[in-house]
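The values are calculated or read from the model by the stated rules, or taken from the named source; none is laboratory data. This is a predicted model, so every value here is computed, not measured. Heads up, the Cβs are rebuilt from the backbone with ideal geometry, glycines too, and the neighbour counts pull from every protein chain shown. Areas reflect the complete protein model, heavy atoms only, side chains present, ligands, DNA and RNA absent. Shrake-Rupley method; radii C 1.70, N 1.55, O 1.52, S 1.80 Å.
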Amino acid sequence: YSEIAKYLAVGRRGALRNLPSCPQFTVAGAIATGTHGSGVHIPNLAADVSMLEFVRADGTLVRYSRETDAATLEGCRVHLGCLGVVSELRLDVVPFFEVDARTYADVPLEAAVRALPELWTRCDSLSVWTSGFGRGPGSGSCWITLRHFLPHWAPPELRAP
């Protein structure tokens, strides 16, 4: 994913609507497993696939696209590798946007959990990382990153008229 994002950023060609938290994920692997980003209004990564082509076990190719068979494409995006090897895919690209990220460290975990419903509505993307409630280094605290898209990008169904 990081290679595609870097390519699109050059000359502000565009952007991917969503990225996995771990940039080393492959596109095909992230899509096959239903990997998600971290925003309330942003669907999982597979939702941005407009075409998938598989090589089946017998060597034949099969292609599903939004233009020719949207319902089948919807059903086979998250395929866990069961439909064959992905040989080609097409991703939706949105207009270029910057991301303003604010990270807060050593936030009390109990307070963060109570604040989650409000935090989800105050940013485009939210990540919360913790070592847990137990004992040991970092326990009882977390790190929170709030991301805001600049200019604000929203899917058409969420845009004001």
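Counting Lys +1, Arg +1, Asp -1, Glu -1, what net charge surrounds Asp100 among other residues with beta carbon under 11 Å of its beta carbon? Intermediate values should be presented prior to the final figure.
Values: positive: Arg102, Arg147; negative: Glu98, Asp124.
My count for the surroundings of Asp100 gives 0.
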Inset, instruction - Quote the accessible area belonging to Thr121 in square angstrom, nearest 10, computed with a 1.4 Å probe and with ligands, DNA and RNA left uncounted. - result: 110 Å²
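Once the convex hull of the C-alpha atoms of segment 1-69 is built, how many Å³ does it hold per residue, rounded to a whole number? List each step's numbers first, then the result.
Details: hull volume 8.6 nm³, N = 69.
Value for segment 1-69: 124 Å³ per residue.
Rounded to the nearest 0.05, what FRET efficiency is calculated for Ala9 and Asp69 with R0 set to 30 Å and r the Cβ-Cβ distance?
Details: r = 32 Å, r/R0 = 1.07.
About 0.40, to the nearest 0.05.
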Legend entry - Three principal axis lengths of segment 59-123 [C-alpha, angstrom, descending]: 54, 29, 20
Inset, instruction - State the volume of the convex hull built on the alpha-carbon positions of the chain, expressed per residue in Å³ and rounded to an integer. - result: 156 Å³
Legend entry - Cα→Cβ-extended label distance, 7 Å offset, between Val78 and Thr130, nm: 2.4 nm
Inset, instruction - For n ≥ 4 DSSP H runs only, could you compute -39500 (n - 2.57) per run for the chain, divide by its residues and tell me the 222 nm figure to the nearest 500? - result: -7000 deg cm²/dmol
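Report the FRET efficiency, 1/(1 + (r/R0)^6), for Ser2 and Thr103, where r is their Cβ-Cβ distance and R0 is 30 Å, rounded to 0.05. Don't jump to the answer; show the numbers that get you there.
Working: r = 19 Å, r/R0 = 0.63.
Calculated value: 0.95.
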Inset, instruction - Please work out the average accessible area per residue across segment 1-146, using the 1.4 Å probe convention, and give it in Å². - result: 58 Å²
Inset, instruction - Mind giving me the nanometre distance, one decimal, between the label points for His36 and Thr121, set 7 Å out from Cα along Cα→Cβ? - result: 1.9 nm
